[in-house]
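The values are calculated or read from the model by the stated rules, or taken from the named source; none is laboratory data. This is a predicted model, so every value here is computed, not measured. Note: ideal-geometry Cβ built from the backbone for every residue, glycine included; neighbour counts use all protein chains shown. These accessible areas exclude ligands, DNA and RNA; they are computed on the full protein's heavy atoms, side chains included. Shrake-Rupley method; radii C 1.70, N 1.55, O 1.52, S 1.80 Å.
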Amino acid sequence: MQFVRFAPQLAARGAYVVLHVPQTLARLLRDVEGVAEAVSYVPPEMHFDFHCPLASLPYRLSLTLETIPSKPYLSVSEKEQQRQGGALRRHVVGDAVKPPLIVGLVWSGDPRKSDAKAHRVDRRRSCDLADLSPFFAVPGVCFVSFQLGEARRQIAESGLPVIDVMEGVEDFADTAARLSGIDLLISVDTSIVHLAGGMGLPVWMLSRFDACWRWLENRDDTPWYPEMRIFHQPILGNWAGAIGNAASLLQRFSNIYWREAA
């Protein structure tokens, strides 16, 4: 999702761009500007003149920090935004005269237990829902969960007031439609931050101390996603510091929201 933003540049050079992606991404990415087709299966008869891993496009296109295309490039139809994002807001807000600030949460990535290296990284980038408890002390906020996988069970186990909004979600296009119904996403470093960032939505990322290379070093913003703010662990494994800083900013964010709603 991060590097599909370069499809328009390839198309402008005369390429007929075909993406080979997992089925869960096909419906979302086939509507990206410059993409001619997005397929999850490549039939033997399909011919290509060139093949390039998406993560190699920055090198092939001689990318610099100054030339990163950062405008929103992922989207879903207005119809789906109303059907799924609108339904989410109606479910959460109900008949409230002053609707709460709706914040989405994701606290764990994909464990990928079959890949030892990836599993070790996931253990460092993921936390528990209980670790996010400082957020729930902020008044005027309703929390909804976009968490999938084994960690989804923590919603019931934690007893924290968070609403699961992922029932019936089949792919990233469904997730994108539901993201359109929230005001802010707070997540660990996993795929949904790229989805929200690519849509141009406000997203706060909780980052492990030994952050992924794509986030650069010593900065709390990123040229990839102008609406993203990064909260780093101050020391390895210390989620309390990153979450505490994010909770303090959420308090100020909520105060501003309620002043404007008054």
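Tabulated results
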| item | result |
| --- | --- |
| So V203, is it open to solvent by 30 Å² or more (accessible area, probe 1.4 Å), among the hydrophobic types (A, V, I, L, M, F, W, C) and at pLDDT 95 or above | no |
| Boolean, L184 is touching a Pro at 6+ places or on another chain (Cβ under 9 Å), open to solvent by less than 10 Å² (accessible area, probe 1.4 Å) and under 21 Å from P226 (Cα atoms) | yes |
| Cβ pairs under 8 Å, 6+ apart, first in segment 221-237 and closer than 21 Å to F3 by Cβ, second open to solvent by 70 Å² or more (accessible area, probe 1.4 Å) and hydrophobic (A, V, I, L, M, F, W, C) | P223/L65 |
| Count - residues of segment 126-140 that are open to solvent by less than 50 Å² (accessible area, probe 1.4 Å) and either acidic (D, E) or at pLDDT 95 or above (or both) | 7 |
| Residue among R214, R219 that alone is modelled with pLDDT under 95 and open to solvent by 60 Å² or more (accessible area, probe 1.4 Å) | R219 |
| Residue in segment 77-120 that is surrounded by the most Cβ atoms within 10 Å (Cβ to Cβ), counting only those that are in contact with a helix residue (DSSP H, G or I) (Cβ under 9 Å, 6 or more places away or on another chain) and of a type in the set (A, V, I, L, M) | V106 |
| Identity of the residue in segment 8-28, part of a helix (DSSP H, G or I) and without any contact (Cβ under 8 Å) to a residue 60 or more places away in the chain, that ends up most open to solvent (accessible area, probe 1.4 Å) | A12 |
| Number of positions in segment 38-90 that are part of a helix (DSSP H, G or I) and either farther than 30 Å from D164 by Cα or of a type in the set (S, T, Y) (or both) | 10 |
| Condition met for V165 (β-branched (V, I, T) and either within 23 Å of Q233 (Cβ to Cβ) or out of contact with any strand residue (DSSP E or B) (no Cβ under 8 Å at 6 or more places or on another chain) (or both)) | no |
